[in-house]
Amino acid sequence: MSLNDKIANELNHFLKIITYKDNAEADESLSKSDKEKSISLMRVNASGEVSAQALYRGQAFFSKTPEVKQHLIKAGDEEFAHLEWCTKRLEELGGKKSFLDPLYYAGSFTLGSVAALIGDGASLGFVEETEKQVVEHLRRHLKEMSPDDKKSREILEKMLEEEEIHGQEAKDHGSMDLPAPVKGMMTVTSKIMTTLSRYI
Ligand SMILES: [Fe+2]
Ligand SMILES: [Fe+2]
């Protein structure tokens, strides 16, 4: 594939992700407060999956070895399934995706690209740390979400399981341990994103 085709491919993927819709039927089974809580949490998770997509795509685009590239594309496809589940549930609850999603995509793609340009070890270290932080945040969401919202909980539990596997796979492919300040910066960035997506 020529460079122009690769870039066109990435632009198409960007459009596919930020315009993704499900047209799901409304679910009126929850109380107003439970529903509002779940909407804000599922919006955060949908944005997280948009970012995960972009991160993996950016990393795969600049990855130096075919094996790692293949792994990143496979993990990215699984993140797309997560985005489908979160979007569907958000629509059922009557919520909207964050309008900041295009920004998250662009930022995460850039981050993924930079990590991959440093090297596959750093790139995989980045995946491992990201997935670890995602797992911690999903656990917090499960504590915060109403026990009555079984459908959303089921999605979060399944995602949690798969994000743990993504982290382990990154380790198995030779991830490098990132310096503590980088990890700290990642925590701060994700805190800003998850806070913003709760509201907008
Ligand atoms: Fe995910
Ligand atoms: Fe993941």
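Table for the structure above
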| quantity | calculated |
| --- | --- |
| Cβ-defined net charge surrounding residue 88, 11 Å radius [Lys, Arg +1; Asp, Glu -1] | -3 |
| Label-point gap, in nm, between residue 67 and residue 157 - each point 7 angstrom along Cα→Cβ | 3.6 nm |
| CD proxy at 222 nm, helix term only [per DSSP H run n ≥ 4: -39500 (n - 2.57); per residue of the chain; nearest 500] | -28000 deg cm²/dmol |
| Label-point separation, residue 150 to residue 198 (7 Å along Cα→Cβ), nm | 2.8 nm |
| Approximate spin-label separation residue 180-residue 9, in nm, with each point projected 7 Å along Cα-to-Cβ | 4.1 nm |
| Radius 9 Å from Cβ of residue 168, net charge of other residues (Lys, Arg +1; Asp, Glu -1) | -4 |
| Rg/Rg_globular for segment 1-105, with Rg_globular taken as 2.2 N^0.38 Å and Rg from C-alpha atoms | 1.22 |
| Value of D in µm² per second that Stokes-Einstein yields for the chain, Kirkwood Rh from Cα pairs, at 37 °C (0.692 mPa s) | 192 µm²/s |
| Table column - 3J(HN,Hα) (Hz), segment 149-162, Karplus curve with 6.51, -1.76, 1.60, x for Gly and Pro | 7, 5, 5, 5, 4, 4, 5, 4, 5, 5, 5, 4, 4, 6 |
| Given 11 as the ceiling on other Cβ atoms within 10 Å, longest exposed-site-free region of the chain for GluC sites (Glu not before Pro) in DSSP loops | 29-200 |
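Where a number appears in this text, it was derived from the coordinates with a stated rule and is not lab data. Not measured: the values here are computed from a predicted model. We place every Cβ from the backbone using ideal geometry, glycine too, and count neighbours over all the protein chains shown.
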